[in-house]
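Any read-out appearing in this document is the output of simple, stated calculations on the displayed coordinates, not a laboratory observation. Everything quoted here is computed from the prediction, not taken from an experiment. Note: ideal-geometry Cβ built from the backbone for every residue, glycine included; neighbour counts use all protein chains shown.
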Amino acid sequence: MDRILIPSPTRRDLVNLADPRLHARFDLVFEEQPGIDGVFGSSDSTAALAVVVADRMGLPGPGYDAFMRCHDKLVCRRICQQAVPEVTPAFAPVDAHRRWDEPPLPYPFFLKPVQGHLSQHAYRVDSAADLEHALGAARAAGFRNLIAEELLTGPLVTFEGFIADGHVTPVGVTDAVLHPNEISFMRFEYPSVFPAGLQDAMAGIADRLMPALGFDGSLFNIEFFVQPDGSLRIVEVNGRMASQFAPLVRAVHGVSTYELGMELAAGGRPALPPRRPGVVAASVLIRFWEDGIVRGLPDPMPLLERFPGVQIELLVRHGQRLSENDDDTASHRLAVIALSGASRRELVTRAAEAAEMLEFEIETTAQKPAEHQGSRSP
């Protein structure tokens with residue numbers, strides 16, 4: 001049984017580590033001790049910590065330099081431009097402290113930090129006024145190095161896979177469903193509705209790109225836009241698992257990506273079971289569209305009883321101001337619900353019912369607490 005060190009586990013980790021399969025296969029420890037076989041992290045910060053610790057201990061892993069080549073959007077874009085130019089959108093580096101008399105790219109374009117997540121401090125820029133506003137917001141938040149990118153359209157999907165000994169193995173493709181603002185995620189659905197040929201094309205891109213990044217021995221994921229003509233454009237590359245999708249992979253394949261990631265961390269080469277027929281899964285985001293203070297949290301038991309096997313992750317705590325979280329520029333996440341169904345139609349119906357059952361009390365003014373149900377803004 002491999003002993004896996006999990007430094008600084010996240011709340012999401014603690015939910016997913018309750019999987020009995022993991023405890024049957026691995027000895028999970030949370031502080032350094034003798035006999036460690038691998039180090040595992042699931043988020044941007046904990047995956048970075050894991051590669052640093054693994055490097056120091058001489059254990060398997062992609063290495064810090066390769067991890068950072070994925071994480072730094074500008075560095076990654078330049079490598080994409082060399083390795084997979086046909087799917088790389090136009091981009092330009094932007095210094096938030098510089099005066100921009102001319103835009104870095106033709107309007108409209110997207111502007112975001114070179115290191116960021118969850119669409120944090122990401123803006124659509126349609127004019128000089130928009131550019132000045134976005135640059136000012138970045139400076140206020142302490143960001144200087146930004147990247148401007150060609151505005152992309154079409155559905156957003158995530159290809160997840162792993163690479164071991166230079167060989168890329170696909171896990172699957174997850175479809176994003178966005179709110180009309182095209183920034184805030186409503187839910188993610190797995191497996192994808194896109195045809196096998198397009199998913200194979202994503203795998204082929206990963207097969208060229210990940211070695212070019214010097215990346216090996218880990219899970220990774222690549223976000224793509226599927227353009228109206230069916231072509232692909234890369235949004236970003238992440239040198240870690242897509243942890244929000246782990247319960248979806250477990251529902252469809254019977255094995256969580258946490259298990260795959262830990263086997264890779266110990267130097268193994270995991271095998272992914274085939275999809276179970278007649279199972280689809282979704283991760284549903286419960287959102288609130290203004291700032292406020294959490295005055296009441298939902299009781300998850302009715303939801304757990306209604307949908308056995310559902311996974312609930314509360315992202316806020318009692319008394320917290322919503323803007324304390326790292327969220328996108330339009331809304332605040334309250335919770336994530338993962339559940340499955342026998343068809344996509346059933347899944348969407350279940351997702352709406354589950355969101356309705358999670359009630360939060362959010363105080364938006366000193367006098368008027370507002371009761372929020374997830375189905376109003378999932």
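Taking 0.36 nm per residue of separation and subtracting the Cα-Cα distance, what length does fully extending D299 through T329 add?
Computed gain between D299 and T329 is 8.0 nm.
Based on the Cα coordinates of region 90-150, what is the per residue volume of their convex hull in Å³?
In region 90-150, the Cα hull volume divided by residue count equals 70 Å³.
Which whole-angstrom value gives the distance between the alpha carbon centres of region 62-141 and region 20-61?
Between the Cα centre of region 62-141 and that of region 20-61, the gap is 31 Å.
Calculate one ³J(HN,Hα) per residue across region 5-22 by plugging θ = phi - 60° into the Karplus curve 6.51 cos²θ - 1.76 cosθ + 1.60, and present them in order as whole Hz with x for glycine and proline.
Running phi through 6.51 cos²θ - 1.76 cosθ + 1.60 with θ = phi - 60° gives 8, 10, x, 6, x, 7, 4, 5, 4, 4, 5, 6, 6, 6, 5, x, 4, 5 Hz.
Got a sec? Charge dipole of the chain, +1 on Cβ for Lys and Arg, -1 for Asp and Glu; which of I222, S43, L17 is way out at the positive end?
Working it through, the farthest residue towards the positive pole turns out to be L17.
Quick one, can you get me the convex hull of the C-alpha atoms of region 280-376 expressed as volume per residue in Å³?
Enclosed volume per residue, from the Cα hull, is 92 Å³.
Which whole-number percentage describes the relative contact order of region 280-376, with Cα contacts under 8 Å and a sequence gap of 6 or more?
39
Report ³J(HN,Hα) in whole Hz for each residue of region 250-260, in order, from the Karplus equation J = 6.51 cos²θ - 1.76 cosθ + 1.60 where θ = phi - 60°; Gly and Pro get x.
5, 5, 8, 9, x, 9, 7, 5, 4, 5, 4
Test of the criteria: in region 59-161, which trypsin sites (Lys or Arg not before Pro) are in a DSSP loop and have at most 11 other Cβ atoms within 10 angstrom of their Cβ?
Those satisfying the criteria are R98, R99.
So how much slack lies between N181 and R98, counting 0.36 nm per residue of separation and subtracting their Cα-Cα distance, in nm?
Once the chain is fully extended between N181 and R98, it gains 27.0 nm.
Using only alpha carbon pairs under 8 Å that are at least six residues apart, calculate the relative contact order of the chain and give it in whole percent.
15
Using just the Cα positions, wrap region 2-65 in a convex hull and report its mean projected area in square nanometres, one decimal place.
Average projection, Cα convex hull of region 2-65: 4.2 nm².
GNM on the chain, C-alpha springs below 10 Å: top fluctuator among E189, E31, E361?
E31
How much length would be gained if the chain were fully extended between R276 and E290, taking 0.36 nm per residue of separation minus their Cα-Cα distance, in nm to one decimal?
Answer, rounded to one decimal: 1.1 nm.
Which shape class applies to the chain: rounded if a/c is under 1.5, otherwise prolate when a/b exceeds b/c and oblate if not, where a ≥ b ≥ c are the square roots of the Cα gyration tensor eigenvalues?
Here the chain falls in the rounded category.
Please state the charge dipole magnitude for region 90-150, taken about the Cα centre, from unit charges on C-beta atoms (+1 on K and R, -1 on D and E), reported in debye and rounded to the nearest 20.
My answer is approximately 280 debye.
Roughly how many whole Å is it from the C-alpha centroid of region 217-242 to that of region 162-181?
Computed from Cα coordinates, the inter-centre distance equals 6 Å.
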